[in-house]
Amino acid sequence: MHTVTQIIFNPDHPNLNSAMWIGGEQAYIQEWPLNPEGHPLLHLFSINSSKLLQHVHVPYLPPDMFISVFSTYSASEYFLDQVTYTGDELEWNENILAGCTYVSVTPHAQTSLSPTLTIPISEVNFVETQLAEQDFPAFSFFSSTIPNGVNGIGHLLTHYQLVCQIYSADFPAPYKDILGLSDASGYLFLRKGPASAEAPLDGLFFVQTS
């Protein structure tokens, strides 16, 4: 057994001043990211790391940073293959490096407004939850331990550290398939050290399904 911090979405309490929020039109970014087709990415969530660390122990989360996570999304067209990464080189090049998802990590609290549709903003609450070694967790949580069900990413761990799992069905309706399927999970990783050829991005976000 080990303890993780579960992230509980609370759409009844929108709050941009919290340590973490889901959706909304504001994100910690200067220039809104676009996917390879030139479409604005959807803002999934943002983290004020200093505020978060006052309430939750998140290993390897850098203090005094502002983090926003974005993803390709379509309510009408299939897009899961564009945001998936399972260790495949083609997925790395065409999904991660090409910008189908994007992670902004900045010391500046400046925000920009989304030029596209947004998820209704939700505050989050945190609760400690026990996981057994055989569990396959179907919820959102912070943890430095790679959960069961994540495949093909062992090579990333030299340069990147897991921060959290985000479960698609935790998002408010009608966005419970925000990650392509309602039972899909997204994973936020942050780079441990300086940029390199093997780790060119400050952060990674990608989706896997069971």
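The values are calculated or read from the model by the stated rules, or taken from the named source; none is laboratory data. All figures in this text were calculated on a predicted structure; none of them were measured in a lab. Here Cβ is always computed from backbone atoms with ideal geometry, including for glycine, and neighbour counts include all displayed protein chains. Only protein heavy atoms, including side chains, enter the accessible area calculation; ligands, DNA and RNA are left aside. Shrake-Rupley method; radii C 1.70, N 1.55, O 1.52, S 1.80 Å.
Structural remarks
- A single member of Gly99, Gly38 is outside any helix (DSSP H, G or I) and over 18 Å from Gly203 (Cα atoms), and it is Gly38.
- Single match in Leu201, Leu179, Leu190, Leu156 (criterion: open to solvent by less than 60 Å² (accessible area, probe 1.4 Å), over 24 Å from His13 (Cα atoms) and touching a strand residue (DSSP E or B) at 6+ places or on another chain (Cβ under 6 Å)): Leu190
- Within segment 120-130, being open to solvent by 10 Å² or more (accessible area, probe 1.4 Å) and either of a type outside the set (A, V, I, L, M, F, W, C) or modelled with pLDDT under 90 (or both) holds for Pro120, Glu123, Asn125, Glu128, Thr129, Gln130.
- If you go through segment 70-83 and keep only what is open to solvent by less than 20 Å² (accessible area, probe 1.4 Å) and of a type outside the set (A, V, I, L, M), you end up with Phe70, Ser71, Thr72, Phe79.
- Odd one out for Trp21 among (1) at negative phi; (2) modelled with pLDDT under 95; (3) not charged (D, E, K, R); (4) not in a strand (DSSP E or B): (4)
- Index of the failed condition, Leu117 passing every other in (1) hydrophobic (A, V, I, L, M, F, W, C); (2) over 16 Å from the mean Cα position of the chain (by Cα); (3) open to solvent by less than 40 Å² (accessible area, probe 1.4 Å); (4) more than 17 Å from Thr3 (Cα to Cα): (3)
- Segment 1-23 residues that are within 13 Å of Ile119 (Cα to Cα), paired with ones that are modelled with pLDDT under 80 (beta carbon under 8 Å, 6 or more apart): Trp21/Pro14; Trp21/Asn15
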